[in-house]
Amino acid sequence: SDYVPVDYRTTGIVIAGLVGFAILLQPVGWLITSSALFWIVSRALGSRRPVFDIAVSVIFASVIQIAFSAGLGLGLPAGILEGVVPWSN
């Protein structure tokens, strides 16, 4: 079998993003932290289109938050956007 080396830099960036997400989720809120996590992971995996990546990250996080709120009746943490976004609890 062929040896495939581990990309420690990418792995470290993704793990750091996950740790930051876990720490900041409650105080900052789902929309901002998940958007940041999605953007960090896309950058770590090699994307070099920051504006497009940010737009896709925010749209993706928003769709997930709306789906949880409207579709499942569950609220994700709104954090600093409490009362600003209409779907926050």
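Taken together, the values in this text are just the output of simple stated rules run on the coordinates, not laboratory data. If you're wondering where the values come from, they're calculated on a predicted model, not measured in any experiment.
Observations, loosely collected:
- Remark on the chain: ratio of C-alpha radius of gyration to 2.2 N^0.38 Å is 1.26.
- Against the main long axis of the alpha-carbon atoms of the chain, helix 50-66 sits at an angle near 50°.
- Whole-number percent relative contact order across the chain, with pairs defined as alpha carbons under 8 Å at least 6 apart: 29 percent
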